[in-house]
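Chemist: The structure follows.
The values are calculated or read from the model by the stated rules, or taken from the named source; none is laboratory data. Keep in mind the model is a prediction, meaning the values are calculated, not measured. Note that we place each Cβ from the backbone using ideal geometry, even for glycine, and neighbour counts take in every protein chain shown. Remember, those area values only see protein heavy atoms, side chains included, never the ligands or the DNA or RNA. Shrake-Rupley method; radii C 1.70, N 1.55, O 1.52, S 1.80 Å.
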Amino acid sequence: MAGAAAEQRRLATVVESWLGRPVLVVGDAMLDEWRFAESDRLCREAPAPVLTLRRRISAAGGAANTAVNIATLGGRALLVAPVGADVAGDELHDCLDRAGVWDRTVSQPHRPTPVKRRMLAGNQILLREDSGDPEDALDDDGVRDLLTALDCATEELKAAAGGATPTLVVCDYGLGALPAPVRAWLVANRERYTTVALDAHDLADWRGLAPTVVTPSFAEATRLLARAAAGFGAAPRPAGRTAAGPDLHLDHPPVDPADGPSELIVGAAPGGAGVRLSATGDRSGVVGTGPTGEPTPGEDRVAMTGDGLSVTGTGVTLNTAGDGVDRAVLAESRLEELREHTGADVVAVTLDTEGAVVGGADGEPRRSHSTPVPASHAVGAGDAYLAAMTLALAADAPLPTAAQLAQLAATITVSDTGTCVCRREDLLAALGTTSDGTAHPTLVDPAELAAIVGDHRRAGRSIVFTNGCFDVLHPGHVRYLEQARALGDLLVVAVNSDGSVRRLKGPDRPVNPVEDRIALLAALSCVDHVVVFEEDSPAALIETVRPDVYVKGGDYPPEMVPEAPLVRRLGGQVRTLGYVPDRSTSAIIERIRAHATPSPQPPQSTRSPQSTRSPQSGAPQRMGRSA
């Protein structure tokens with residue numbers, strides 16, 4: 001318990017250390033537009049829903065959302081990106097201003113702001129409309145303005161940080177904001193930035209940048225490995241931080257191959273020859289003809305094949321070694337190769353709902369996990385991951401710490417539909433710490449409780465308090481605690497010690513020791529603090545907490561709660577919440593005991609085992625073990 005609290009405090013210290021750190025973000029900025037509609041009928045013209053628009057939300061997207069996340073996490077974010085002189089551009093400027101991002105975007109009168117419009121009904125995305133074409137390239141004046149803005153922004157951040165070298169984040173999503181001259185400038189000026197983070201759809205475009213960290217998706221990593229395996233100009237790992245010159249792009253295959261079954265081959269159109277790649281990176285030589293059919297562009301398409309053993313994309317099959325190997329295992333096996341091809345110190349391969357795999361110079365892969373959520377909840381979660389990873393590495397955090405904070409930042413943003421933004425306060429709260437730096441671990445001692453409650457009071461939070469044995473945690477407990485938490489800003493749960501439970505429930509209780517009971521309670525998102533008390537009554541803790549709301553479970557009025565007079569004398573109110581039927585610890589224990597009793601064996605019979613009858617009831621029953 002003490003170790004977990006110490007770990008939370010250590011992580012919170014890293015978050016505090018990056019406060020105000022200067023970060024320059026450059027790349028493809030866009031506007032995310034969310035349109036929420038209702039539908040209760042189909043139109044007569046086609047089997048399509050009739051939508052009634054109820055509300056519309058605009059948010060920063062792409063590089064702009066990365067800058068917003070850096071600002072809300074406590075960094076000093078400055079954004080340089082081309083933005084159209086249009087309504088979408090005006091809305092994007094407003095989003096940046098509200099988040100506190102230093103807006104140094106470059107106006108492009110003849111180039112529209114990229115927009116992703118999503119239409120939803122019942123919280124489901126029905127369609128997405130994208131505007132903004134990669135073919136809308138920056139003209140010569142636009143490139144010069146962007147380079148000037150980059151140079152000025154770098155010096156502005158350095159001056160604001162008292163001469164400290166800023167951090168650089170590059171977000172290249174293929175929308176034309178980073179043409180070759182801009183890439184060349186960033187490579188040539190690499191030494192002006194201490195930490196460089198790169199998130200690019202096409203990592204091959206950034207040869208020579210020598211980034212500190214790259215964060216490719218699984219698809220992006222697969223594409224890079226495919227080209228490297230096929231021999232299309234794969235770059236060796238740069239020595240030191242020297243610039244690589246103007247030739248930044250790995251050659252692309254002359255013909256983009258088609259996606260198809262699991263036996264596509266590297267670097268060849270359908271019907272051609274190529275190279276198969278194993279999970280260890282070995283080439284198995286030239287193989288036979290590939291799938292037949294017309295080639296179609298597959299540059300942005302990567303899919304796990306049905307057998308779960310190979311990943312297909314850009315004309316390459318990455319075959320794993322052995323049954324049941326998943327994307328994480330495959331990514332782990334190729335981390336060092338990805339570091340070589342990107343020149344990065346750290347590679348973090350993001351696996352969407354499966355978390356991420358991270359590798360550094362020590363060659364030790366690290367796996368982080370996330371909670372699966374609907375796709376509409378995860379838009380922009382990668383931007384939060386990139387922002388937290390960058391800030392942590394810029395603050396000289398160890399790689400395991402940076403990876404842990406990055407995954408946590410991404411995970412806590414996916415609770416609702418919309419573009420994900422992680423706030424510093426939310427990250428600290430997830431670590432049991434307030435934004436003023438005061439440590440608030442989930443598991444607390446009675447002696448600590450008064451100081452913690454005082455901090456919450458000064459922050460204006462209302463406190464809900466409840467108590468109980470919580471011996472065998474079940475859905476009734478969870479529902480009860482969720483309802484209690486909804487009555488205030490935070491929930492304190494007091495748990496009877498083992499001795500107290502024995503005095504109240506009998507010598508055969510508790511079933512689970514107090515260490516297990518409080519660990520499960522602390523893991524619930526609705527529980528803010530857990531404290532153990534030795535007495536039979538929580539009266540002393542109630543006097544310490546002075547709760548705004550005291551909650552008990554049961555089908556009786558608040559007047560019958562023994563602690564009610566004390567709570568009201570201290571200025572609080574008492575609420576009782578009914579139990580969920582058939583969901584009680586005693587009922588669960590009785591069911592376990594009933595199933596543990598051996599069933600009486602029927603007499604020997606020549607009847608088929610499928611139709612033997614119980615001598616007690618005469619009813620047909622199945623033979624076999626008791627459940």
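Chemist: In the stretch 282-389, which strands (runs of 3 or more DSSP E) lie fully inside it and hold 1 or more residues that are modelled with pLDDT of 85 or more?
Modeler: Ranges flagged: 346-350, 356-359, 366-368.
Chemist: Sticking with this one: Taking the condition at negative phi, modelled with pLDDT under 90 and part of a helix (DSSP H, G or I), does GLY499 pass?
Modeler: no
Chemist: Could you list all residues from the stretch 144-174 that are over 13 Å from ASP205 (Cα atoms) and crowded, with 19+ Cβ neighbours inside 10 Å? Can you show your working first?
Modeler: Filtering the stretch 144-174 down to residues over 13 Å from ASP205 (Cα atoms) leaves 144-169.
Within the stretch 144-174, LEU146, ALA149, LEU150, ALA153, THR154, LEU157, PRO166, THR167, LEU168, VAL169 qualify.
Chemist: Further question on the same structure: Could you tell me which numbered condition ARG502 fails, if it satisfies all but one of (1) within 24 Å of PRO562 (Cα to Cα); (2) in contact (Cβ under 8 Å) with a residue 24 or more places away in the chain; (3) surrounded by 14 or more Cβ atoms within 10 Å (Cβ to Cβ)?
Modeler: (2)
Chemist: Hey, another quick one. State all residues of the stretch 175-187 that are open to solvent by less than 20 Å² (accessible area, probe 1.4 Å) and over 16 Å from PRO134 (Cα atoms); if no residue qualifies, say none.
Modeler: LEU186, VAL187
Chemist: Okay, moving on. Identify all residues within the stretch 188-229 that are β-branched (Val, Ile, Thr), outside any loop (DSSP other than H, G, I, E, B) and surrounded by fewer than 20 Cβ atoms within 10 Å (Cβ to Cβ); write none if there are none.
Modeler: None - no residue of the stretch 188-229 is β-branched (Val, Ile, Thr), outside any loop (DSSP other than H, G, I, E, B) and surrounded by fewer than 20 Cβ atoms within 10 Å (Cβ to Cβ), so the list stays empty.
Chemist: Shifting gears a bit: Before we move on, is THR434 at pLDDT below 85 and out of contact with any Leu (no Cβ under 9 Å at 6 or more places or on another chain)? Show your work before the answer.
Modeler: On the way: at pLDDT below 85: yes; out of contact with any Leu (no Cβ under 9 Å at 6 or more places or on another chain): no.
No.
Chemist: Which members of the stretch 179-221 meet the condition of being of a type in the set (S, T, N, Q) and on the phi > 0 side of the Ramachandran plot? Don't jump to the end; show me each part of the working.
Modeler: At the first step, the residues of the stretch 179-221 found to be of a type in the set (S, T, N, Q) are 189, 194-195, 212, 215, 217.
Selection gives nothing.
Chemist: Regarding ALA63, is this residue open to solvent by 60 Å² or more (accessible area, probe 1.4 Å), of a type in the set (Gly, Ala, Ser) and either under 26 Å from the mean Cα position of the chain (by Cα) or at pLDDT below 90 (or both)?
Modeler: Considered against the rule, which asks whether it is open to solvent by 60 Å² or more (accessible area, probe 1.4 Å), of a type in the set (Gly, Ala, Ser) and either under 26 Å from the mean Cα position of the chain (by Cα) or at pLDDT below 90 (or both), ALA63 comes out as no.
Chemist: Now a separate question. Can you pull out the helices (runs of 4 or more DSSP H) entirely within the stretch 509-627 that have at least 1 residues that are in contact with a His (Cβ under 9 Å, 6 or more places away or on another chain) and at pLDDT 80 or above? Give the steps one after another, and end with the answer.
Modeler: Numbers: elements: 514-522, 539-545, 564-569, 585-596.
It comes to 514-522.
Chemist: Out of everything in the stretch 332-349 that is aliphatic (A, V, I, L, M) and farther than 17 Å from GLY208 by Cβ, what residue ends up being surrounded by the most Cβ atoms within 10 Å (Cβ to Cβ)?
Modeler: Ranking the candidates gives ALA348 first.
Chemist: Can you find a residue that is outside any loop (DSSP other than H, G, I, E, B) and among the charged types (D, E, K, R) anywhere in the stretch 465-478?
Modeler: Within the stretch 465-478 (the criterion being outside any loop (DSSP other than H, G, I, E, B) and among the charged types (D, E, K, R)), the answer is no, since none of the residues qualifies.
Chemist: Counting only residues that are in contact with a Cys (Cβ under 6 Å, 6 or more places away or on another chain) and in contact (Cβ under 8 Å) with a residue 40 or more places away in the chain, which one in the stretch 370-413 is surrounded by the fewest Cβ atoms within 10 Å (Cβ to Cβ)?
Modeler: Only one residue fits best here, namely GLY380.
Chemist: Is it the case that ALA149 is under 30 Å from GLU38 (Cβ atoms), in contact with a Ser or Thr (Cβ under 9 Å, 6 or more places away or on another chain) and in contact (Cβ under 8 Å) with a residue 24 or more places away in the chain? Let's see the steps before the verdict.
Modeler: Values: under 30 Å from GLU38 (Cβ atoms): no; in contact with a Ser or Thr (Cβ under 9 Å, 6 or more places away or on another chain): yes; in contact (Cβ under 8 Å) with a residue 24 or more places away in the chain: yes.
So ALA149 does not fit the description; no.
Chemist: Quick check: anything in the stretch 445-465 touching a Phe, Trp or Tyr at 6+ places or on another chain (Cβ under 7 Å), at pLDDT 85 or above, farther than 30 Å from ARG56 by Cβ and open to solvent by less than 50 Å² (accessible area, probe 1.4 Å)?
Modeler: yes
Chemist: Would you check if there is a residue in the stretch 408-427 being assigned to a helix (DSSP H, G or I), of a type in the set (A, V, I, L, M), at pLDDT 90 or above and out of contact with any helix residue (DSSP H, G or I) (no Cβ under 9 Å at 6 or more places or on another chain)?
Modeler: no
Chemist: Considering only residues that are among the small types (Gly, Ala, Ser) and assigned to a loop (DSSP other than H, G, I, E, B), look in the stretch 126-141 and name the one that is farthest from the chain's Cα centre (by Cα).
Modeler: Result: ALA137.
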